[in-house]
1. Just to confirm the number: angle between the C-alpha axis of helix 3-30 and the first principal axis of the chain, 0 to 90 degrees, nearest 10?
2. What accessible area per residue, rounded to a whole number of Å², is obtained for segment 8-136 using a probe radius of 1.4 Å?
3. Take the chain, connect every pair of alpha-carbon atoms lying under 10 Å apart with a spring to form a Gaussian network, then pick out the residue of Ala64, Ala18, Ala47 with the largest mean-square fluctuation.
4. May I ask you to derive the FRET efficiency for Ser9 and Lys95 from their Cβ-Cβ distance with R0 = 41 Å, giving the value to the nearest 0.05?
5. Step through the residues of segment 100-111 one at a time and calculate ³J(HN,Hα) from phi using the Karplus curve (6.51 cos²θ - 1.76 cosθ + 1.60, θ = phi - 60°), rounding each to whole Hz and writing x for Gly and Pro.
6. Of the cross-linked pairs Lys92/Lys127; Lys55/Lys79; Lys55/Lys92; Lys41/Lys95; Lys92/Lys119; Lys45/Lys127, which ones have a Cα-Cα span greater than 19 Å in the structure shown?
7. Report, to the nearest whole %, how much of the accessible area of the chain belongs to carbon and sulfur atoms, 1.4 Å probe, protein only.
8. Taking amide H atoms as placed 1.01 Å from N in the peptide plane, list the residues 5 or more away in sequence, or in a different chain, whose amide H sits under 5 Å from that of Arg96.
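The values are calculated or read from the model by the stated rules, or taken from the named source; none is laboratory data. Remember, it's a predicted structure, so these values are computed and weren't measured experimentally. Every residue, glycine among them, receives a Cβ derived from its backbone with ideal geometry; neighbour counts consider all protein chains shown. Quick note on the areas: whole protein, heavy atoms, side chains included, nothing else; ligands and nucleic acids left out. Shrake-Rupley method; radii C 1.70, N 1.55, O 1.52, S 1.80 Å.
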Amino acid sequence: MNRRKFLKSVLFFLGSTALVSFVYPLVRFLEPPGSGAQGGKTIVKRAEIPVSASKNIVVNNTPAIIINVPDKGFIALSKVCTHLGCLVEYDKPGKRLLCPCHAGAFSLTGNVLSGPPPKPLQKYTLKVEGEDIVIG
Ligand code: FES
């Protein structure tokens, strides 16, 4: 292999690597969120979440939370704040969900109570089947 061929091979390799490193994130960004290996159901045991307790789960690759709301039963909400995407936390004493980034507050049904979030948290459908809670 002469010097010219070697340099061409190196440039081809570097160019290919740069192209792949640019195209792959672009394709992942443009891919619709519902595609791929998503759409599965998340199953949690009822006994794991007594009244007023919560459990962090993942639904379709999104952080979510199940709360056993007194007198209302189980509710499953996305933990992704609708303002800028920080993860909300369950404030059990205050009976609400709080966003640590800009003090957004949500009710236990996901509605905005205060702060900058423009819309409610995404709510997931769930079914109680025997001892299981099936989300999604
Ligand atoms: S990201 Fe939640 S209030 Fe701003």
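1. Long axis of 3-30 versus the principal axis of the chain: about 20 degrees.
2. Here the residues of segment 8-136 average 63 Å² of exposed surface.
3. Evaluated over the chain, the most mobile residue of the options is Ala18.
4. For R0 = 41 Å, the calculated efficiency reads 0.05.
5. In residue order, the calculated couplings are x, 7, 9, 6, x, 10, 10, 6, 6, 9, x, 6 Hz.
6. Cα-Cα > 19 Å for Lys92/Lys127; Lys41/Lys95; Lys92/Lys119; rest within.
7. So the carbon and sulfur contribution to the accessible surface is 61 percent.
8. So Arg96 has HN proximity to Asp91.
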